Amino acid sequence: KGHTHSRVIYRRQSGDISALEYDTAFSQLFDHDENADITDCDCVMLPAGEYYEINGDLVSMELRMVLQLVCYENREVTYVSDAYSCGCEYELNTDEKSVTADRETVIKTQSIQLSYELPEKSSNICVSGACTGKLTMSGNAVNVPVVINAIGDGGDMGAFSFRVRGNAEFEDISCESLSACIDSINCAIIASNAQFDVTVKLKGNCDISDNIKAVISINVNTEVTKNISPSVIIARAESGDIWDIAKKYGIKQSDLEQLQGDRRVYMIRK
């Protein structure tokens, strides 16, 4: 849902140039993939065409728009905190690392003043259109070209059209996917000049960083004693290693000898 703000410039039968402004609300539904996980979205509307016709005292207009829907997924940061393998506890050596944790939309505005020297006897100015050009970047500075098309009333000379160009400069910008548009424009005749006050809106996406502990190396720290718990264990003993078997499986040597006497194959019940 949204609305459009339109300005119609027309000439009266008396020859005077006038402007009419009005707002039009609109609503449009779009289908998306049912499997899409849309958690955070941003919509940008761009005018693609205007069509109008005059029917008596009425003006019929048709607006065609291009909608760009950008969706962002929430980003979660996870990392390993400990590890065990092959009966050993591993010591994880970590270091602070900067990672992208989330993304936000940043909007900045910049006001500029432009002027145009008018012919004599100019009495009225109407802005017929204003737009931004291709953005250029130099380091962290962004330059946004601005173009204003206007129509003036030159008295005996009749109506005339002219164009004014300028630039809006934005500093300390570290965003991606930048876009710009004209947010507002005002015009006044001061002395023999047309003075334009233009507000330019710059929009971009900035990554939000977070510091986490990242694993940089792994060392074997402590050997963990195995806790073996099957019901029956068969152990083959060599001469003199009965004590080692008893220690390994956590039982008394006398109990082990009592199970199988002097035999070298032992069945240990647990």
Exercise. Six or more apart or on different chains, Cβ under 6 Å: which pairs go from a residue in the stretch 1-20 that's farther than 17 Å from residue 58 by Cα and charged (D, E, K, R) to one that's open to solvent by 50 Å² or more (accessible area, probe 1.4 Å) and at pLDDT 75 or above? Could you list them?
Key: 1/27
Quiz item: What is the residue count in the stretch 181-204 for residues that are open to solvent by 60 Å² or more (accessible area, probe 1.4 Å), within 26 Å of residue 121 (Cβ to Cβ) and assigned to a strand (DSSP E or B)?
Solution: 4
Exercise. Tell me, please, whether a residue that is farther than 29 Å from residue 101 by Cβ, at pLDDT below 75, open to solvent by less than 100 Å² (accessible area, probe 1.4 Å) and more than 30 Å from the chain's Cα centre (by Cα) can be found in the stretch 21-34.
Key: no
Quiz item: In the stretch 149-180, what residues are touching a Pro at 6+ places or on another chain (Cβ under 9 Å) and either open to solvent by 50 Å² or more (accessible area, probe 1.4 Å) or not in a strand (DSSP E or B) (or both)?
Solution: 154, 155, 157, 165, 167
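If a residue has to be surrounded by 15 or more Cβ atoms within 10 Å (Cβ to Cβ) and closer than 21 Å to residue 162 by Cα to count, how many in the stretch 105-127 make the cut?
Applying the first criterion (surrounded by 15 or more Cβ atoms within 10 Å (Cβ to Cβ)) to the stretch 105-127 yields 108, 110, 112, 114, 116, 118, 122, 124-127.
Restricting the remaining residues to those that are closer than 21 Å to residue 162 by Cα gives 112, 114, 116, 118, 122, 124-127.
Qualifying residue count for the region: 9.
Among the residues of the stretch 132-148, count how many are in a loop (DSSP other than H, G, I, E, B) and closer than 17 Å to residue 201 by Cα. Working first, answer last.
From the stretch 132-148, those in a loop (DSSP other than H, G, I, E, B) are 133-135, 139-140; that's our starting set.
Within this subset, residues satisfying the condition of being closer than 17 Å to residue 201 by Cα are 133-135, 140.
Selection size over the stretch 132-148: 4.
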Self-check item: the stretch 112-131, subset under 38 Å from the mean Cα position of the chain (by Cα) and either in a loop (DSSP other than H, G, I, E, B) or among the hydroxyl-bearing types (Ser, Thr, Tyr) (or both), residue farthest from residue 184 (Cα to Cα)
Solution: 115
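The values are calculated or read from the model by the stated rules, or taken from the named source; none is laboratory data. The model shown is predicted, which means the values in this text are computed figures rather than measured ones. As a convention, Cβ positions derive from the backbone with ideal geometry for all residues, glycine included, and neighbour counts pool all protein chains shown. Heavy atoms of the whole protein, side chains included, go into the accessibility calculation; ligands, DNA and RNA do not. Shrake-Rupley method; radii C 1.70, N 1.55, O 1.52, S 1.80 Å.
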